[in-house]
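Here's the structure we're looking at; comments come further down.
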Amino acid sequence: MTVAAIIPAAGLGVRMKTGTPKPYLLLHDKPLLAHTLRAFEISPEVSQVAVVVHPEDLDHCQTQVIDPFQFKKVLRLIPGGKERQDSVYQGLKVLRQKEDLEIVLVHDGVRPFISPDHIRQVIQAARRSGAAVLGLPATDTLKRLNPKREVVETINRQEIWHIQTPQAFHPDLLWRAFVSAYSRNFYGTDEAMLVEQLPHPVVVIPGSPFNLKITTPEDLRLAEALLLLLEKQNHADRFRL
């Protein structure tokens, strides 16, 4: 049975305020997307990866990310759509043609610190439940505001989780969720939201605060510091007696 990953990386990165799309911004002289793909390349559970990129970036992604870093599991690049949902749908249409497809993962191309262990955990949870995502419980006080930015109410944070990727699904379930969403012209903020609309329960697996999504220049600076810290930790672990 095959576990395949869809990596949407077609965004333009408007909030980053650079001329370079986010997946190709450098993090320690290596594109963000290359850091992300490495986690799936070394994951023993994942058999293949489909990267969905902006149609104008197909050649750039191949020559600047896939070829230089020799990602063997990336079998093809797929032109993305207008919205993230459209891009993931294009990837799913390609992957579901495989008869032995067991689990489909969806992971943001600009979350470079995902660990193979968390990939394994969310796959295992999806095998049991059909749909699973990573997330972190909210720790800050949460308040709902009106348009004037006045507090309307304080929300019980014990019921709130910040959802991450990867998100993992049985392929037929995810396909039904997309078909249902498009039939209603519904666009969700993540794939789990589409599955919830069926309805079908989605299990949340505790993730990691290191699993950052790089969206702003501040995120990129934080990622640079985090990568240095992780490299130092790995070096210390390698030589610890």
Kindly give Rg over Rh for the stretch 105-241, based on alpha-carbon atoms, with the Kirkwood expression for the hydrodynamic radius.
1.04
Inter-part gap, Cα centre of the stretch 1-78 to Cα centre of the stretch 128-195, in whole angstrom, is 24
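Which value at 222 nm does the chain reach when only helices count, each DSSP H run of 4 or more adding -39,500 (n - 2.57), with the total divided by all residues and rounded to the nearest 500 deg cm²/dmol?
That comes out to -10500 deg cm²/dmol.
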For the chain, taking Cα atoms only, what is the radius of gyration to one decimal and the Dmax to the nearest whole Å?
18.2, 60
Find the relative contact order for the chain and round it to a whole percent, using C-alpha pairs within less than 8 Å whose residues are 6+ positions apart.
22
Among DSSP bridges having both ends in the chain, what percentage is antiparallel? Round to the nearest 5.
40
Which residues qualify? For VAL51, with a placed amide H closer than 5 Å and at least 5 residues away or on another chain, they are ILE7, ARG76, ILE78
Take each uninterrupted DSSP H stretch in the chain, measure its Cα extent along the helix axis, and return the ones at 24 Å or beyond whose mean Kyte-Doolittle hydropathy is at least -1.0.
217-239
In whole Å and largest first, what semi-axes does the C-alpha gyration tensor of the stretch 16-108 yield when each eigenvalue is scaled by 5 and square-rooted?
22, 17, 11
Log entry: pair-distance distribution for the stretch 132-212, C-alpha pairs binned every 10 Å from zero, whole % per bin is 16, 35, 33, 15, 1
If you average over every viewing direction, what projected area does the convex hull of the Cα atoms of the stretch 52-96 give, in nm²?
3.2
Which entries of LYS22/LYS232; LYS30/LYS72; LYS82/LYS148; LYS22/LYS143; LYS73/LYS98; LYS30/LYS232 show an alpha-carbon separation above 23 angstrom in the structure shown?
LYS22/LYS232; LYS82/LYS148; LYS22/LYS143
Share of antiparallel DSSP beta bridges in the stretch 1-123, in percent to the nearest 5?
5
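Just so you know, all these numbers are worked out from the coordinates, no wet-lab data involved. If you're wondering where the values come from, they're calculated on a predicted model, not measured in any experiment.
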